[in-house]
Ligand code: MG
């Protein structure tokens, strides 16, 4: 049997005033931020769902339910570290990630390298294993109207090396 697993993840959060904008663990200066029970880091959430999905382990709502006060304002990178542990316990590691953030504003290009660094550090992998792309939605739909920011991720898992 082929020793790789693949998963995909999707998330969207509403943009509102008075909240910080955090994407890939990085605070980005903007007049709007994402609304959610945790820090609402939509990119990190999509990546966690893809990692869990690769092992058919369900979704992040199962592990970090929004009804549980302990996850209020949670730093999603810390949740990502927990998901990494979960897949590691089952003998898997991240081979690579590819992701897309859909946001009309702010321009994300200047922040992509820092987002990749933060995600790679949390996952204990190299930044070249973490693809982050950004696109606008050409002013179409909720992302285009700046009502929210969405993210998509695909993750490939490989078996942990015996010496890892
Ligand atoms: Mg989410």
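Just so you know, all these numbers are worked out from the coordinates, no wet-lab data involved. Here the structure is a predicted model, which is why all the values come from computation and not from measurement. All Cβ positions, glycine included, derive from the backbone under ideal geometry; neighbour counts span all protein chains shown.
Points to keep in mind about this one:
- Each residue in region 132-164 was checked for being assigned to a strand (DSSP E or B) and crowded, with 16+ Cβ neighbours inside 10 Å, and 12 of them qualify.
- Of all the numbered requirements in (1) buried (at least 17 other Cβ atoms within 10 Å of the Cβ); (2) outside any strand (DSSP E or B); (3) in contact (Cβ under 8 Å) with a residue 40 or more places away in the chain; (4) touching a helix residue (DSSP H, G or I) at 6+ places or on another chain (Cβ under 7 Å), residue 81 misses one, and that requirement is (1).
- When residue 116 is tested against (1) within 16 Å of residue 39 (Cβ to Cβ); (2) in contact (Cβ under 8 Å) with a residue 40 or more places away in the chain; (3) in a helix (DSSP H, G or I), just one condition goes unmet, and that condition is (1).
- Filter result for residue 18 (without any contact (Cβ under 8 Å) to a residue 24 or more places away in the chain, within 13 Å of the ligand (Cβ to nearest atom) and surrounded by fewer than 20 Cβ atoms within 10 Å (Cβ to Cβ)): no
- Single residue of 61, 73 found to be in a loop (DSSP other than H, G, I, E, B) and surrounded by fewer than 16 Cβ atoms within 10 Å (Cβ to Cβ): 73
- For the condition touching a residue at least 24 places away in the same chain (Cβ under 8 Å), under 16 Å from the mean Cα position of the chain (by Cα) and part of a helix (DSSP H, G or I), residue 100 does not qualify.
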